Amino acid sequence: MKSLTPKQQAMFDIFQKHVKAELDGDLETTMATMTDHPHLTNVPNGMGGVGRQGVRNFYANHLVGKFFPPDVEMLSVSQTIGDDQIVDELVIKFTHTQMVEWMLPGVAPTGKKVEAALAVIVKVENGKIAHEHIYWDQASVLVQLGLLDPKGLPVTGAEGARRILNPK
């Protein structure tokens with residue numbers, strides 16, 4: 001990674017603390033990394049929250065301490081750190097052995113493998129996270145779970161995520 005300014009390093013550090021707290025199931029630390037008026041939007045399914053209580057409810061009910069199957073892998077592809085935003089490109093891999101409410105609300109575990117490319121856009125204000133906008137190809141996830149027939153559709157399944165990791 002290129003040399004970061006002190007401000008960019010602080011943004012990177014708060015984002016890393018935020019993600020670690022999410023993965024560790026630590027709701028209080030997750031929320032402590034956020035501004036007083038944050039918002040979070042999972043673009044493909046519209047889930048998330050607005051305002052401190054809305055974001056807290058989303059995290060408590062759908063993500064923090066709830067999502068991560070034992071075999072989850074998050075593979076960093078790239079990070080771009082600007083003056084007030086971070087763009088984090090990654091591939092997530094897991095076996096759908098439990099409910100994944102933030103990504104697949106109401107979908108019972110299928111036992112199938114999922115590989116998906118994600119882009120997370122994080123805005124930082126005054127040293128805290130103001131928003132997260134998270135994007136992924138929901139159709140490709142649903143194809144991998146056997147919930148959407150790809151026949152006749154421009155859908156890649158796991159291939160899209162694999163190409164991000166290895167374009168050859």
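Taking all Cα pairs closer than 8 Å and separated by 6 or more residues, the relative contact order of the chain comes to 21 percent. Bridges between two residues of the chain, per DSSP, are antiparallel at a rate of about 85%. Result for the chain in a Gaussian network model with C-alpha springs under 10 Å: among V77, V122, V87, the largest mean-square fluctuation is at V77.
Cβ crowding within 10 Å ranks Y59, Y135 as Y135, Y59, fewest other Cβ atoms first. Peptides 100-110, 30-40 ranked from most to least packed give 30-40, 100-110, packing being the mean of other C-beta atoms within 10 angstrom over each peptide's residues.
Step through the table entries K17/K128; K7/K123; K20/K128; K2/K128; K93/K113, compare each Cα-Cα distance with 18 Å, and write down the pairs that go over it. Too far apart for the 18 Å limit: K2/K128.
Extension gain for N57-N166 works out to 35.5 nm (0.36 nm per residue, less the C-alpha to C-alpha distance).
Of the residues E89, E28, the one with the fewest other Cβ atoms within 10 Å heads the list, and the complete ranking is E28, E89.
Where a number appears in this text, it was derived from the coordinates with a stated rule and is not lab data. Everything numeric here is computed off the predicted structure, so don't read it as measured data. Cβ: placed from backbone, ideal geometry, glycine included. Neighbour counts: every protein chain shown.
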